[in-house]
Amino acid sequence: MKKIAILGSTGSIGTQTLEVVRENGDIEVLGLAAGNNIELLEQQIREFHPVLAAVWSEEKAAELRIKIADTDTKVVSGMDGLILVSVLPGTEILVTAIVGMIGIRPTIEAIKAGKDIALANKETLVTAGHIIMPLAKEKKVSILPVDSEHSAIFQSLQGNEHGAIHKILLTASGGPFRGKREEDLLNIRVEDALKHPNWSMGQKITIDSSTMVNKGLEVIEAKWLFNVDVDQVQVVVQPQSIIHSMVEYVDGAIMAELGTPDMKLPIQYALYYPKRRYLPGERLDFWSLGHLDFEKPDMDTFYGLALAYEAGRAGGSLPTVFNAANELAVSQFLKREIKYLEIIEIIDDCMHAHKNIANPTLEQILETEAATYERINSRR
Ligand code: NAD
Ligand code: MG
């Protein structure tokens with residue numbers, strides 16, 4: 001039995017990870033961590049019997065302890081709780097399906113404890129990739145990508161030498177506003193931005209997909225995962241989300257991973273790597289598919305993507321500013337406190353006010369996050 005723990009078990013990736021566990025029947029879940037959906041977490045505890053569960057607020061944790069008093073699961077809270085789940089003795093893989101750079105410390109602690117990481121939490125790698133990747137190497141742990149594009153790249157790299165990579169072709173659906181101009185985006189409401197054409201995901205990443213900031217985060221994520229320059233990563237709009245990404249080699253050969261959009265495939269691949277398992281679900285039928293389309297991304301309208309390249313190229317603490325500004329701006333947009341286009345204006349403003357720190361420590365990353373939040377909050 002493979003033993004795992006999951007950060008963010010009640011979210012989109014977390015619940016799909018548990019579906020994969022349920023369907024395979026040979027993975028043991030020793031730890032679960034969630035934000036504050038204790039109703040769903042209780043159901044998960046009763047089904048999967050983890051030894052430890054973490055909830056963000058101590059108040060909710062206390063409520064959960066009463067609800068599950070008849071079980072053997074211990075409940076912890078806060079950052080300490082998240083870390084306890086991350087380093088739980090006996091687990092081999094930590095699935096990081098939590099949202100945001102709050103995942104940095106738990107991920108670092110898990111690597112130090114020798115856990116392989118099935119990584120969905122891209123914000124962590126974007127902001128702390130320069131700490132995480134060398135640490136993983138030192139501790140001989142694998143960082144297994146769960147993000148569909150990065151899993152596709154990882155799959156396309158199997159059997160090939162890293163030195164032979166010419167470039168990475170990172171595909172993008174283009175989101176719900178593909179083809180729109182800035183003037184069409186002035187009055188976008190939360191409901192409009194939450195309608196993704198191909199994937200059903202958590203709210204934050206769905207907004208990020210609509211602004212193309214998600215693709216920008218993925219460009220930087222690819223830089224760290226595959227040790228390439230951001231300018232070796234070319235974004236290709238593939239509106240059907242059938243080609244999940246590609247690798248072009250020095251001889252011009254291109255390897256790709258294709259399939260119907262289903263996150264359970266990359267999740268399962270990460271959990272069983274290097275083995276492939278049967279996965280139920282719809283299969284790609286080329287006879288009915290007919291054609292695939294490709295476009296160049298519109299980085300003038302969706303200039304969050306251009307800002308991501310700028311942050312990725314500069315490195316240091318600038319990707320943290322890009323990410324932190326986006327995290328707060330998106331949460332303000334979701335609360336209807338700012339307009340849609342302000343998300344990118346805020347990122348732009350924060351990035352250009354920032355004095356870059358080369359090679360920031362964890363402390364400096366967290367200070368940069370706090371300073372970015374302070375700047376945004378002082379706008380109103
Ligand atoms: P989500 O909002 O559906 O779920 C987030 C999970 O994190 C929830 O379980 C929530 O309770 C938990 N969480 C949030 N704050 C927490 C805290 N302070 N402490 C403990 N738990 C906390 O998000 P998601 O769509 O599943 O995305 C998770 C991560 O995976 C993100 O980084 C996202 O970019 C990435 N990702 C998601 C998808 C997808 O299809 N959903 C695809 C690729 C990458
Ligand atoms: Mg993705």
Residues in the stretch 81-97 that are within 20 Å of G11 (Cα to Cα) and among the charged types (D, E, K, R): how many?
-> 0
Check whether at least one residue in the stretch 160-169 is in a loop (DSSP other than H, G, I, E, B), outside the structural domain of S9 (by TED's automatic domain parsing), away from ligand 2 (no atom under 16 Å from the Cβ) and within 22 Å of A222 (Cβ to Cβ), and report yes or no.
-> yes
Is there any pair linking a residue in the stretch 343-362 that is assigned by TED's automatic domain parsing to the domain that holds G304 to one that is among the charged types (D, E, K, R), with Cβ under 7 Å and at least six apart or on different chains, and which?
-> none
Report whether or not L292 is in contact with a strand residue (DSSP E or B) (Cβ under 9 Å, 6 or more places away or on another chain), farther than 22 Å from M212 by Cβ and among the aliphatic types (A, V, I, L, M).
-> no
Restrict the check to the stretch 150-159 and report whether at least one residue is assigned to a strand (DSSP E or B), within 19 Å of N227 (Cα to Cα) and either of a type in the set (G, A, S) or away from ligand 1 (no atom under 16 Å from the Cβ) (or both).
-> no
Quick check: is even one residue across the stretch 59-71 of a type outside the set (V, I, T), outside the structural domain of T361 (by TED's automatic domain parsing), surrounded by fewer than 19 Cβ atoms within 10 Å (Cβ to Cβ) and in contact with a strand residue (DSSP E or B) (Cβ under 6 Å, 6 or more places away or on another chain)?
-> yes
For I13, state whether it is within 15 Å of ligand 1 (Cβ to nearest atom), farther than 22 Å from Y272 by Cα and of a type in the set (V, I, T).
-> no
Only one of G202, G179 is of a type in the set (G, A, S), within 16 Å of ligand 2 (Cβ to nearest atom) and within 29 Å of Y340 (Cβ to Cβ); which?
-> G202
When you scan the stretch 89-124, how many residues do you find that are within 16 Å of ligand 2 (Cβ to nearest atom), touching a Lys or Arg at 6+ places or on another chain (Cβ under 9 Å) and among the aliphatic types (A, V, I, L, M)?
-> 1
Selection over the stretch 1-12 where residues are touching an Asp or Glu at 6+ places or on another chain (Cβ under 9 Å) and in contact (Cβ under 8 Å) with a residue 40 or more places away in the chain yields a count of 3
Selected residue [more than 21 Å from the chain's Cα centre (by Cα), within 12 Å of I267 (Cβ to Cβ) and among the aliphatic types (A, V, I, L, M)] from I27, I38, I13, I6 = I27
Checked A371, A353 against criteria (loosely packed, with under 14 Cβ neighbours inside 10 Å and at negative phi); the one match is A353
How many of the residues in the stretch 206-228 are surrounded by fewer than 23 Cβ atoms within 10 Å (Cβ to Cβ) and either free of Cβ contacts under 8 Å to residues at least 40 places away in the same chain or within 12 Å of ligand 1 (Cβ to nearest atom) (or both)?
-> 1
Would you say F333 is within 21 Å of the chain's Cα centre (by Cα) and over 18 Å from V230 (Cα atoms)?
-> yes
With a cut-off of at least 2 residues that are closer than 26 Å to Y272 by Cα, small (G, A, S) and at pLDDT 95 or above, name the helices (runs of 4 or more DSSP H) lying wholly within the stretch 22-140.
-> 122-138
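The values are calculated or read from the model by the stated rules, or taken from the named source; none is laboratory data. Keep in mind that what you see is a predicted model, and the values were worked out from it rather than measured. Glycine gets a Cβ as well: all are built from the backbone with ideal geometry, and neighbour counts include every protein chain shown.
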